[in-house]
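Take this structure, written in structure tokens, and hold onto it; I'll ask about it next.
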Amino acid sequence: MLSGYSRLVIDCNRPLRSAESIAEQSGGVPVPGNLGLSFKERESRINALFLPYHGAIGRLLDGRTQRPSLLLSIHSFTPILNGRPRPWHIGVSHWRDRRLAALMLGALAHSGEFTVGDNEPYPIEADVDYTIPVHGDGRGLPSVMIEIRQDGIRTAAGATAWAARLAEAYRLIESEARRQSCRRFPNP
């Protein structure tokens, strides 16, 4: 699912109780359209954007209850934060269940050409994150949040390359699971 709008309107990966759900500032810069919103204006964004987005994810997953499933929540991060370079090309974060994260970390680091963050650049936290705690761990699904550094996906070619790398990482995980006769992860 793609939200199709900026997280500055409403961040679909934030609990509604979070101050970052409809942030009044981002990176220290005020967001004028979010300052002084009334209760009715906030509710309008929640009803028009947040609830339909998560409703669609819920319906999709509800329709897969008879099929093995996993959840990848894919985001991007800035290469420099507060004047400090961030060394990771990609990060894999998990909440309570680390199994899929460990496999993804190994598969993404396999080539040795990328710096892969383990619960970096952001760990999953119940007060800050929504998708993985609710739709992933909350449903007992193997789940991870993937964070790709923005300079790697700035172009269509870069985004395509990262999509291919993620697909290859999944193929490595599947292959290893079959080799070890472990429970096979499902086709996404």
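Note the full-extension length gain between residue 111 and residue 62 as 0.36 nm times their separation in residues minus their Cα-Cα distance, in nm to one decimal.
Taking 0.36 nm per residue and subtracting the Cα distance, the gain is 14.1 nm.
Of 16, 79, 52, whose Cα points farthest to the positive end of the dipole of the chain (charges on the beta-carbon: +1 Lys, Arg; -1 Asp, Glu; origin at the Cα centre)?
52
Grab the eigenvalues of the alpha-carbon gyration tensor for segment 21-118, scale each by 5, take roots, and send me the semi-axes largest first in whole angstrom.
So the three semi-axes of segment 21-118 are 31, 25, 8 Å.
If you average the sequence gap of Cα pairs under 8 Å that are 6 or more apart and divide by the length of the chain, what percent do you get for the contact order?
That works out to 25 percent.
Which whole-number percent gives the relative contact order of segment 1-42, counting Cα pairs below 8 Å spaced six or more residues apart?
Taking the mean separation of contacting Cα pairs over the length of segment 1-42, I get 27 percent.
Only bridges with both residues in the chain count here: give the DSSP antiparallel percent, nearest 5.
45
Please compute the Cα-Cα pair-distance distribution of segment 1-68 with 5 Å bins starting at 0, giving whole percents from short to long.
Percent of pairs per bin, in order: 3, 16, 24, 22, 14, 9, 6, 4, 2, 0.
Roughly how large, in nm² to one decimal, is the mean projection of the convex hull of the alpha-carbon atoms in the chain?
It is 11.6 nm².
Readers should treat all values here as calculations from the given coordinates under stated rules, not as data from a laboratory. Here the structure is a predicted model, which is why all the values come from computation and not from measurement. Note that we place each Cβ from the backbone using ideal geometry, even for glycine, and neighbour counts take in every protein chain shown.
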